[in-house]
1. Would you compute, from DSSP H runs of 4+ residues alone, the mean residue ellipticity of the chain at 222 nm, taking -39500 (n - 2.57) per run and dividing by the full residue count, rounded to the nearest 500?
2. Select from region 155-256 those GluC sites (Glu not before Pro) which occupy a DSSP coil region and have at most 16 other Cβ atoms within 10 Å, ordered by residue number.
3. For Thr267, which sequence-distant residues (separation of 5 or more, or a different chain) have an amide H within less than 5 Å of its own amide H, given hydrogens modelled in the peptide plane?
4. Neighbour counts of other C-beta atoms within 10 Å: give me Val118, Val139 arranged from fewest to most.
5. Please find the FRET efficiency linking Asp25 to Asp123, where r is the Cβ-Cβ separation and R0 is fixed at 35 Å, and quote it to the nearest 0.05.
6. Where in the chain are the DSSP H helices whose C-alpha atoms run 15 Å or more along the long axis and whose mean Kyte hydropathy is at least -1.0?
7. Could you calculate the FRET efficiency of Ile198 with Glu97 from 1/(1 + (r/R0)^6), where r is the beta carbon distance between them and R0 is 51 Å, rounded to 0.05?
8. Provide Arg242, Arg96, Arg60 in ascending order of the number of other Cβ atoms located within 10 Å of each residue's Cβ, fewest first.
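No lab work stands behind these numbers, since they all come straight from the coordinates. From a predicted model like this one, the values you see are computed outputs, not experimental measurements. All Cβ positions, glycine included, derive from the backbone under ideal geometry; neighbour counts span all protein chains shown.
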Amino acid sequence: MGRQKRKQMKPRRLSKRKTEADRADQHDLYQKSVQAPEADIEFFTKVFEAQRGRAPLRMREDFCGTAYFSTEWCKSDPKRTAVGVDLSAETLQWGREHNLAEAPDDVRARVELIEGDVRSAHDVAPAELTCAMNFSFCVFKTRAELLEYFRAARAGLVEDGVFFCELYGGMEAIQEVEDHREVEGFTYIWQQARYNPIDHSTLCHIHFEFEDGSEIRKAFTYDWRLWTIPELRELMLEAGFREVRVYWEEVEDEEDSDPNTDELTGTGEYVEVTEVENQESWLVYIAAFV
């Protein structure tokens, strides 16, 4: 009997254990660390009701991304509808597969998503309220581009509609800094990597770090122009809005703030202002009324 031929054994490949960063979903992390739609909806409704005497029902979300805000808007009232507009097909699809797919059928039926430029006319009914959240309009770097957008936003509103956007600023806004904030299960990092005082262009990144030491660097990158409040006010009025109001976040009293830091802590409450003392950093809502 001949010698039996030994079967060749392939070496076993050791599977690399996935890190928390490998398992994480960047869009989910963004929603958990950046967005707070319930608070935004409450504030927009409060301002709209005070000025127009009714609750807004039809909303348009420009630069809607995953349509998280649009979904929550329709959850907040069974009569509410939303149109979300964004250029990214991938991000819109993520929103459909996660935010909308997990929403009740009646909510899903009241959210319409459009892949397109927010400056283009879309075949949708005029909105009572339009918003551009998380400084998204700062992608427009020239006066002509931003004026075109504000005119489109104005044209897409009903006769007594309101447009809302957010803006950040303050002395820290033009510095190269990293801000770390703990969120449940991970750390959110906002990095201002570059600022040019000549044209106010700024480059910012969002990073995420996890408890196992893994990280996602440059999960999101923003190449913006950091606009100022008076620039936005002037452009909004030129675009055809009748009135522009600024709502400033209140800060805690010094005795209630952290004694280990000089930074003021925001309360999450916004009040209309016409004059205010500058701060290291600030966040405002700007409302433009038709």
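1. Numbers: 8 runs with 70 residues, N = 290.
One gets -6500 deg cm²/dmol as the mean residue ellipticity at 222 nm.
2. Values: sites: Glu159, Glu166, Glu172, Glu176, Glu178, Glu182, Glu184, Glu209, Glu211, Glu215, Glu231, Glu234, Glu238, Glu243, Glu249, Glu250, Glu252, Glu254, Glu255; in loops: Glu176, Glu184, Glu211, Glu252.
Qualifying residues, ordered by number: Glu176, Glu184, Glu211, Glu252.
3. Residues meeting the criterion, in which the H sits 1.01 Å from N, are Glu250, Val251, Glu252.
4. Numbers: Val118 25, Val139 17.
The order, fewest Cβ neighbours first, is Val139, Val118.
5. Taking R0 as 35 Å, the efficiency between Asp25 and Asp123 is 0.60.
6. Span-like helices here: 37-52, 143-155.
7. 0.75
8. Least to most surrounded, the residues fall as Arg242, Arg96, Arg60.
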